[in-house]
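Let me begin by presenting the structure, written as structure tokens, before commenting on it.
The values are calculated or read from the model by the stated rules, or taken from the named source; none is laboratory data. Everything quoted here is computed from the prediction, not taken from an experiment. Heads up, the Cβs are rebuilt from the backbone with ideal geometry, glycines too, and the neighbour counts pull from every protein chain shown.
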Amino acid sequence: MQARHNLVSTGAACLSAITGLTGFIPAALAQGFQPGLSHAAKDQIGMMQPASTMAQDMVAFHDNLLLPIVTVISLFVLGLLIYVIFRFNERANPTPSRTTHHTGLEVAWTVIPLLILVVIAIPSFRLLTKQVALPETDMTVKVTGKQWYWTYTYPKDQNGGFEFDSNLLDQTKLAAGKLKLLDVDNEAVVPVGKAIRLQITADAVGVIHSFVITALGVRMDAVPGRLNEVWFKAEKEGIYYGQCSKLCGKDHAYMPIAFRVVSEQAYAAWLADAKKKFASASSDVTVADAAATIRQ
């Protein structure tokens, strides 16, 4: 009786894995679908199309490792439950075993999940390290989360010296072609093919935000009093959208992120115009070389 209870309990404990199966299988079948490049698209299935090497690695980690593992586990647990239902029901097993423990079974359901986690952890840690260990970057943009909008600062020592606020467009007067809850009045602009360092923080009197641009593989918390860093290198021109993913207050849903990636020539032209446009909000911020500071 106890052995049957053990098997049933094990299957029930893993039942939640099966509930996700209906989500994983369509995602696996979605490889033929064209996902949205810079934002989620109607009827989209699967990951957003990556536009940076970091995002490509994240999608590959999900599609080539996590998805197969979770699918196999879900199918195994489903098969286990079906077996238990038919093999150990009262009619098929009128005299149940009174075994209370099975050493081999308990070792197996402890060691096997541990080995699976190790297999997942190694590439996961490698990917996390790649995300936060900054390479030699070409330029820096400081991002400050406020209630409830973003401020972008282009440092003076990198041919900038200005900053501007980026707010959600008026949704009652949204122009044709603009995306609801995603387009902003002032987009951040960066050149294509350049390694961009983002220094991310939040207003000192504000709250914690989370800066996320899925297609570029960027996700980092914006914490008051702390300067976090992350980087990306966009391989395609276009506009890439994101949103704050922290529940940061009443207007949490209304502080989108929009980064426009352009050619070097277009970026130089934008930079010249931006210096004039945002002259009244000029910034004297300069960026210290963190690596050089550590070496000292």
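Quick one: in the stretch 199-245, which of the residues that are under 23 Å from residue 40 (Cβ atoms) and over 15 Å from the mean Cα position of the chain (by Cα) is surrounded by the most Cβ atoms within 10 Å (Cβ to Cβ)? Result: 234.
Taking the stated definitions as given, is residue 98 of a type outside the set (Gly, Ala, Ser), in a loop (DSSP other than H, G, I, E, B) and either out of contact with any strand residue (DSSP E or B) (no Cβ under 9 Å at 6 or more places or on another chain) or at pLDDT 50 or above (or both)? Taking the combined requirement at face value, the residue satisfies it. Among the residues that make up the stretch 48-56, is at least one of them of a type in the set (A, V, I, L, M), part of a loop (DSSP other than H, G, I, E, B), closer than 30 Å to residue 190 by Cβ and touching a residue at least 24 places away in the same chain (Cβ under 8 Å)? Looking for residues that are of a type in the set (A, V, I, L, M), part of a loop (DSSP other than H, G, I, E, B), closer than 30 Å to residue 190 by Cβ and touching a residue at least 24 places away in the same chain (Cβ under 8 Å), one finds at least one in the stretch 48-56, hence yes.
Contact annotation: residue pairs with Cβ atoms under 6 Å, 6 or more positions apart or on different chains, pairing a residue in the stretch 245-262 that is within 14 Å of residue 221 (Cα to Cα) with a partner that is of a type in the set (S, T, N, Q) and assigned to a strand (DSSP E or B), are 245/210; 246/210.
Considering the conditions (1) farther than 15 Å from residue 167 by Cβ; (2) out of contact with any Asp or Glu (no Cβ under 7 Å at 6 or more places or on another chain); (3) in contact (Cβ under 8 Å) with a residue 60 or more places away in the chain, residue 199 is excluded by exactly one of them, (2).
Residues in the stretch 57-97 that are without any contact (Cβ under 8 Å) to a residue 12 or more places away in the chain and within 21 Å of the chain's Cα centre (by Cα): 60, 64, 68. Filtered by the rule that a residue be charged (D, E, K, R) and within 19 Å of residue 260 (Cβ to Cβ), the stretch 136-178 gives 138, 142, 163, 165, 178.
So which residues in the stretch 106-149 are touching a Pro at 6+ places or on another chain (Cβ under 7 Å) and farther than 30 Å from residue 207 by Cβ? Within the stretch 106-149, none qualify. Taken over the stretch 156-181, residues that are touching a residue at least 60 places away in the same chain (Cβ under 8 Å), within 23 Å of the chain's Cα centre (by Cα) and over 19 Å from residue 222 (Cα atoms) amount to 2.
Quick one: in the stretch 61-75, which of the residues that are among the hydrophobic types (A, V, I, L, M, F, W, C) and in contact with a helix residue (DSSP H, G or I) (Cβ under 9 Å, 6 or more places away or on another chain) is surrounded by the fewest Cβ atoms within 10 Å (Cβ to Cβ)? Selected residue: 69.
So in the stretch 120-155, with the set limited to residues that are among the basic types (Lys, Arg) and touching a strand residue (DSSP E or B) at 6+ places or on another chain (Cβ under 8 Å), which one is nearest to residue 222 (Cα to Cα)? The selected residue is 146.
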